[in-house]
Amino acid sequence: FSLIFLVFSALLGCGKPNLEVARVNKHIITLTDVEDRISKLPPRYRSEAKEDRAEFIDDIINDYLLYDEAVHKRLFSDRDLKKVIEEAKKKIVIARLIKDEVEDKVRISDDELKKYFESHQSEFISEPRYRASHILVSSSDTAKLVEDKLKKGEPFETLARDYSEDSTSKRGGDIGYFRKGELISEFENVCLNLDIGKISPVTKTQFGYHIIKLTDKVPSQLKNFDEIKEDIRNILKSAKRKELFNALITTVRAKAKIKINSELIKSSSRN
């Protein structure tokens with residue numbers, strides 16, 4: 001195992017990518033083979049393979065050994081397996097055609113991105129955000145007591161730490177920022193009708209009795225182009241991909257002779 005790694009490292013230093021790394025029966029594994037296989041892996045697995053090339057080569061060896069064993073057992077003669085192989089070949093070739101005719105032709109310029117942004121700005125307006133603090137208690141009597149203390153001028157944050165039964169009590173009741181629809185409606189409706197710095201009357205929800213203070217409101221605004229540039233790219237890529245795919249289907253159908261037995265389809269669907 002370690003010997004393979006040492007040989008592999010030495011060959012890398014020679015700068016001759018077609019040198020033989022290993023031989024398995026009649027199969028030869030070269031540096032080019034190894035690097036090509038690694039390059040086709042997903043990024044996470046690619047980095048793992050690069051860190052331990054010896055183990056990766058060992059996996060390649062195992063693949064060849066298992067393949068040879070399958071050939072020895074004449075598995076390619078199995079009728080069901082032949083069907084599976086043919087179906088797999090078809091899907092692989094179709095995938096290559098779509099890559100060549102669709103994926104590789106999807107190009108989105110910066111001008112297209114900006115043009116879409118300028119003509120669809122309503123899609124990129126952020127919703128208003130609210131920030132609130134609350135004091136949550138389980139009894140109406142405690143809620144009334146806290147409300148009276150607030151009216152006498154005692155600090156909201158101090159009372160939240162002393163009385164609130166919610167985990168936010170440690171932060172003076174601060175629940176952070178939220179958008180409409182993210183919290184329960186009774187709570188949100190109170191916040192939406194408060195001015196910044198104002199405190200609500202006691203509000204009952206399924207969780208208990210709340211006293212709410214609106215601490216900030218960030219109005220809706222147009223998002224920065226750089227912030228959503230990649231989102232727009234994905235939108236345009238998806239549209240262009242669909243357009244190219246539909247064009248490909250139209251082209252191949254126009255060249256083909258297609259005959260559909262509609263009556264047979266209808267009768268089989270009734271059974």
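When you check S109 against the structure, is it open to solvent by less than 100 Å² (accessible area, probe 1.4 Å), polar (S, T, N, Q) and within 30 Å of D231 (Cα to Cα), yes or no?
Yes, satisfied.
May I ask you to list the residues in segment 127-145 that are out of contact with any Gly (no Cβ under 7 Å at 6 or more places or on another chain) and surrounded by 15 or more Cβ atoms within 10 Å (Cβ to Cβ)? Result: R129, Y130, A132, T142, A143.
Being aliphatic (A, V, I, L, M), under 30 Å from L113 (Cβ atoms) and outside any loop (DSSP other than H, G, I, E, B) is a condition met by no residue of segment 170-190.
You will find that of I85, I94, I60, the residue that is closer than 30 Å to H27 by Cα and either loosely packed, with under 10 Cβ neighbours inside 10 Å or modelled with pLDDT of 95 or more (or both) is I94 and no other. Only residues that are surrounded by 10 or more Cβ atoms within 10 Å (Cβ to Cβ) and among the charged types (D, E, K, R) were counted across segment 254-271, and they come to 0. Looking across segment 104-144, the residues that are in contact (Cβ under 8 Å) with a residue 12 or more places away in the chain and part of a helix (DSSP H, G or I) come down to K105, E112, L113, K114, Y116, F117, Q121, F124, S140, T142, A143, K144. When every residue of segment 173-185 is checked against the conditions, none turns out to be under 17 Å from K151 (Cα atoms), in contact (Cβ under 8 Å) with a residue 12 or more places away in the chain and surrounded by 12 or more Cβ atoms within 10 Å (Cβ to Cβ).
Cβ-Cβ contacts under 6 Å between residues 6 or more apart (or on different chains), taken from a first residue in segment 244-269 that is outside any loop (DSSP other than H, G, I, E, B) to a second residue that is surrounded by 10 or more Cβ atoms within 10 Å (Cβ to Cβ), are listed as L244/V102; L244/K105; F245/V102; L248/E101. In segment 206-214 there is at least one residue matching the filter, namely being more than 30 Å from I98 (Cβ to Cβ), in contact with a helix residue (DSSP H, G or I) (Cβ under 6 Å, 6 or more places away or on another chain) and of a type in the set (K, R). Going by the structure shown, is K237 of a type in the set (D, E, K, R), in contact with a Phe, Trp or Tyr (Cβ under 8 Å, 6 or more places away or on another chain) and surrounded by 13 or more Cβ atoms within 10 Å (Cβ to Cβ)? It is false that K237 is of a type in the set (D, E, K, R), in contact with a Phe, Trp or Tyr (Cβ under 8 Å, 6 or more places away or on another chain) and surrounded by 13 or more Cβ atoms within 10 Å (Cβ to Cβ).
Specify the residue that is least open to solvent (accessible area, probe 1.4 Å); the eligible residues are those in segment 63-82 that are charged (D, E, K, R) and part of a helix (DSSP H, G or I).
This residue is D68.
For segment 195-211, residues that are in a strand (DSSP E or B) and not aromatic (F, W, Y) total 7.
When residues in segment 36-57 are screened for being more than 16 Å from V24 (Cβ to Cβ) and either in contact with a strand residue (DSSP E or B) (Cβ under 8 Å, 6 or more places away or on another chain) or not in a helix (DSSP H, G or I) (or both), 4 of them pass. The number of residues in segment 195-231 being out of contact with any Phe, Trp or Tyr (no Cβ under 9 Å at 6 or more places or on another chain) and hydrophobic (A, V, I, L, M, F, W, C) comes to 1.
On the stretch given as segment 212-234, residues that are part of a strand (DSSP E or B) and open to solvent by 70 Å² or more (accessible area, probe 1.4 Å) total 2.
The values are calculated or read from the model by the stated rules, or taken from the named source; none is laboratory data. The structure presented is a predicted model; accordingly, all values stated were derived computationally and were not measured. No Cβ is skipped: glycine too gets one built from the backbone with ideal geometry, and neighbour counts run over all protein chains shown. The accessibility values were calculated without ligands, DNA or RNA, using every heavy atom of the protein model including side chains. Shrake-Rupley method; radii C 1.70, N 1.55, O 1.52, S 1.80 Å.
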